[in-house]
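Report on the structure given below.
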Amino acid sequence: MNYIVFDLEWNQSPGGKKYSNSRLPFEIIEIGAVKLNEQRQKTDVFQRLVKPQVYNWIHDSIHEVIHVDYKDLEEGDPFPQVAREFLEWCGEDFAFFTWGNQDVMELQRNMKYYGMLSMLPGPVMYYDVQKLFGFQNGEVPQRRSLEYATDVLGIKKEDDFHRALADAVYTARVLEYLDMSVVRDYPSVDVYQNPQKKKEEIFLSYPDHDEYVSREFPNKEKIMRDREITSTKCPHCHLPAKRKLRWFQNNSRVYESLSFCQKHGWVKGKIRIRHTDEDGYYAVKTLKNIDEIKAEELRQKRESLRQKRQIKRQSEKHI
Ligand SMILES: [Zn+2]
């Protein structure tokens, strides 16, 4: 299997959000990648500039970080050609590695824009080297910059950051330092191409939590009435854990709950409601074993949310 460590640079509307194309808010302008074998040795590199089709000038804030001139981009190839060459270069059997969780999604959004998403069927599994570096460094969920990671690991800085190939090379160097048994235990799933039907729903079991991605629903209310979504199984034994705190709304898109497994103790549930580009909704649920202290924190959080709502309701009554 090839390990494909890739990085994208993208541009956005130079005239600000008002002139942004909602189907392509971030237009990919460069793809850089390193191919590694399973021993994590570099076997090839890939670098292409993309000739922009949507935004005709580089946004100032992008220009400040990436040091690419628009005239360089005009020498590039159209995105569909670059994406096709990139996927061919990846080979038949590969796994994606990226710094952070945005690149896999933006690659798909750009492919969708050009009607070529069927070349990369979802959900796309990948490994988030930034997250894995955090694990190894014992500082999850904090996300560090790539430059920070290279400093911590004493990696020599030969090229400027924020060019696609250089960042892919640095990410590959960070990957060299990671414990592969941890890497394999924590694949990430990108659900830009979210499950549509029941049989496409995703169930993932990690060493410390379970994750579930539901099918699509026409509205948010239906989601919280679905039995599979609201079920709370212990991530350790996968038996139903008894609900001690009903699902409560943390903010408009997040619900939390507390349950108890006789054998493995407290289970925290979290449901995040996600909105699709096509105005549909789906849920991502995580279930995690927690200790008594965390359980108490959750109880207090619900209590203070309840009080805040009460105060709000009373003050509205008096207006
Ligand atoms: Zn259990």
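Of all aspartates and glutamates in the structure, the ones whose alpha carbon falls short of 13 Å from that of LYS294, not counting any fewer than 8 places away in one chain, are GLU256. Normalised by the number of residues in the chain, the mean separation of alpha-carbon contacts (under 8 Å, six or more apart) gives a relative contact order of 13 percent.
Taking springs between alpha-carbon atoms closer than 10 angstrom, which of LYS112, LYS242, LYS17 fluctuates most in the Gaussian network model of the chain? Result for the chain, Cα springs under 10 Å: LYS17 fluctuates most.
Shown for region 190-319 is the translational diffusion coefficient from the Stokes-Einstein equation, using the Kirkwood radius over Cα pairs, a temperature of 25 °C and a viscosity of 0.890 mPa s: 156 µm²/s. Using the 4.7 Å Cβ rule, please list in number order the cysteines from the chain without any candidate partner. Lone cysteines by the Cβ rule: CYS90, CYS237. Compared with the dominant principal axis of the Cα atoms in the chain, helix 164-177 is inclined by about 60°. Counting every other Cβ atom within 10 Å of each residue's Cβ, VAL5, VAL189 order from fewest to most as VAL189, VAL5. Charged side chains reduced to their Cβ positions (Lys and Arg at +1, Asp and Glu at -1) give region 195-316 a dipole of some 560 debye around its Cα centre. Each Cα pair under 8 Å and six or more residues apart adds its sequence gap; the mean of these over the residue count of region 195-316 is a relative contact order of 23 percent. Note on region 16-43 and region 100-161: Cα centroid distance 10 Å, given to the nearest whole angstrom. Over the Cα atoms of the chain, the radius of gyration divided by the Kirkwood radius equals 1.01; this is the Rg/Rh ratio. With the convex hull constructed from alpha-carbon coordinates only, region 75-172 shows a mean projected area of 7.6 nm² over all directions.
In region 2-188, the alpha-carbon atoms span a convex hull of 123 Å³ per residue. Taking a straight line from the alpha carbon of LYS156, these lysines sit under 21 Å away, with near neighbours fewer than eight places off in the same chain left out: LYS35, LYS42.
Students often get this wrong, so check it: of LYS199/LYS244; LYS17/LYS308; LYS131/LYS220; LYS199/LYS222, which have C-alpha atoms separated by over 25 Å? Checking Cα-Cα distances, LYS199/LYS244; LYS17/LYS308; LYS131/LYS220 exceed 25 Å. Its Cα gyration tensor gives region 1-85 an equivalent ellipsoid; the semi-axes, largest first and in whole Å, are 28, 12, 12.
Along the axis of the charge dipole computed for region 171-319 (Cβ charges of +1 for Lys and Arg, -1 for Asp and Glu, origin at the Cα centre), the listed residues ASN250, PRO195, HIS238 are led at the positive end by ASN250. For helix 292-318, report the angle its Cα long axis makes with the longest principal axis of the Cα atoms of the chain; keep it between 0 and 90° and round to the nearest 10°. The angle comes out near 80 degrees.
Bear in mind that the values in this text are calculations on the coordinates, not laboratory data. These numbers come from a predicted model, not from an experiment. Note that each Cβ is placed from the backbone with ideal geometry, even for glycine, and that neighbours are counted across all protein chains shown.
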